[in-house]
Amino acid sequence: MHNYEAKVSWTRGASEKFTDNRYSRAHQWAFDSGITVRASSSPSVVPLPLSVADAVDPEEALVASTSSCHMLYFLFFAAKKGFVIDSYVDNASGVLEKNAAGKMSMSRITLRPSIAFAGSSPSQADLDALHHAAHEECFIANSLKSEIVVEPVLQ
């Protein structure tokens, strides 16, 4: 078992009433590595200026976490199979919509990895097996109810 921690901090601005629901959603995420990230609600959820457009929002972070986890396992399995990867770029996206219960939910996360191999590239069957293994082992994907689709981009 591993324990992971993040400190999420928000402070009300001195001129913000708060009870009128017109307060800044800007906050910070601090991680044990010492990195602090500016965060906010998504402007598509809470309009500007109450949100911060150039900060990371939880929805983006969920998509990025899913993509990152899949990538790290893909790299691991590819290395074990003897494939050398020069680059891995994923243009991942997520769909936030109401679920069957009428609640907002990240219903689908689509990963679109474009992978450049050095030397011999894996066959389509090997590539599919690597993505399948990465998806099966990704603990972020294993923690989500969302549909996660991998659509590799051929180079």
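Couple of notes before you dig in:
- Restricting 127, 62 to residues that are of a type outside the set (Asp, Glu), part of a helix (DSSP H, G or I) and either touching a helix residue (DSSP H, G or I) at 6+ places or on another chain (Cβ under 6 Å) or more than 29 Å from residue 28 (Cα to Cα) (or both) narrows the list to 127.
- Any hit, segment 24-37, residues being surrounded by 12 or more Cβ atoms within 10 Å (Cβ to Cβ), touching a helix residue (DSSP H, G or I) at 6+ places or on another chain (Cβ under 9 Å) and under 29 Å from residue 145 (Cβ atoms): yes
- Segment 96-147: number of residues that are hydroxyl-bearing (Ser, Thr, Tyr) and free of Cβ contacts under 8 Å to residues at least 24 places away in the same chain: 2
- Any chance residue 40 is hydroxyl-bearing (Ser, Thr, Tyr), crowded, with 17+ Cβ neighbours inside 10 Å, over 20 Å from residue 134 (Cβ atoms) and in contact with a His (Cβ under 8 Å, 6 or more places away or on another chain): yes
- Matching residues, segment 51-71, being surrounded by fewer than 17 Cβ atoms within 10 Å (Cβ to Cβ), of a type in the set (A, V, I, L, M) and either without any contact (Cβ under 8 Å) to a residue 12 or more places away in the chain or within 30 Å of residue 20 (Cβ to Cβ) (or both): 53, 56, 61
All of the numbers you see were taken from the coordinates with simple rules; none came from a lab. Keep in mind the model is a prediction, meaning the values are calculated, not measured. Note that each Cβ is placed from the backbone with ideal geometry, even for glycine, and that neighbours are counted across all protein chains shown.
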